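Heads up, the thing below is written out as structure tokens.
Laboratory data are not the source of any read-out in this text; all were calculated from the coordinates shown. In this text the structure is predicted, and so the values were computed from the model without any measurement. All Cβ positions, even for glycine, are placed from backbone atoms using ideal geometry, and neighbour counts span all protein chains on display.
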Amino acid sequence: MPTDVPVPAPDDDEEEEEEFEMEVRELEPDEIVSAAEMLARAFEGTTLLEIIAPDPDIREDACRWFFESHLVYGLAYGDVIAAVEEDGTVQAAAVWWAPENVAPDDEQAADTGLADGLTVLGPEAWERLQELGRATSALHKQVAPDPHWYLALIGVEAYMHGQGVGGEVLAASLEMVDEEGYPAYLETSNERTIPFYERHGFKVGGQIDVPALGMTVWGMRREPAGS
């Protein structure tokens, strides 16, 4: 199971036209379904969804498996920081995997549903995802060979872009990472989002082309504050 997926993160903290009024906190287990549905909408139209679900007939099931399993893994073996409205609507989420759990073992993958991809996606889509995972795993090891927190996913509800939600969630997440004194690492396949991450202290450490999937992926690393 690939553990590295490009993050089409929101580049939405350039302008904050409205006062930020949502609560930024750890996601609750009973909010996983809502968060997964939000992430599916946030990733709509990205290469990732074309890889895992080129057939629209299975896209709903594919998205449910992919995002729910990553969220479950994050809560069990890392952290998930979310922006939540007063009515409980999840508007953004950042899924982090802890340093000791960056590479799920077979038992962890089975317990959290990560291992169910072949059954849900079918062999062709699963192999594409595996190919992406193999490529980005090499990039991951190159840029962050030491213990680090891994930002596996981040997404913002589409209609919330431009309101600073993604920046607030990422900033709160990085406070947690800084408190533990570890670097942070992420990947993105959208070059346009690199400046967003750079504003939060990340630097590009390498890139890799995945010709079979028509993608370039950038690996970005951030040292802990004060280091």
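Some points to look at:
- Using the average count of surrounding beta-carbon atoms within 10 Å as a protection proxy, the listed peptides 32-39, 202-209, 133-140 rank, highest first, as 32-39, 133-140, 202-209.
- In this label model, E124 and Q108 are separated by 3.3 nm, measuring between points 7 Å along each Cα→Cβ vector.
- Packing-based order for 108-115, 166-173, using average beta carbon neighbours within 10 Å, highest first: 166-173, 108-115
- Think of it as helices only: each DSSP H run of n ≥ 4 in the chain is worth -39500 (n - 2.57), and spread over all residues that comes to -12500 deg cm²/dmol at 222 nm.
- Listed residues D30, D106, D178, most fluctuating in the chain (Gaussian network, C-alpha, under 10 Å): D30
- Antiparallel DSSP beta bridges within the chain, as percent of all bridges there, nearest 5: 95 percent
- For W65, W126, order by how many other beta-carbon atoms lie within 10 Å, fewest first: W126, W65
- Each peptide in 183-196, 40-53, 143-156 receives the mean, over its residues, of other Cβ atoms within 10 Å, and ordering these scores from highest gives 143-156, 183-196, 40-53.
- Summing Lys and Arg as +1 and Asp and Glu as -1 over all other residues whose Cβ lies under 14 Å from the Cβ of G226 gives a net charge of -4.
- The chain: C-alpha gyration tensor shape, a/c 1.5 cut-off, then a/b vs b/c: rounded
- Magnitude of the charge dipole for the stretch 97-203, about its Cα centre and with charges confined to Cβ atoms of Lys, Arg (+1) and Asp, Glu (-1), is about 540 debye.
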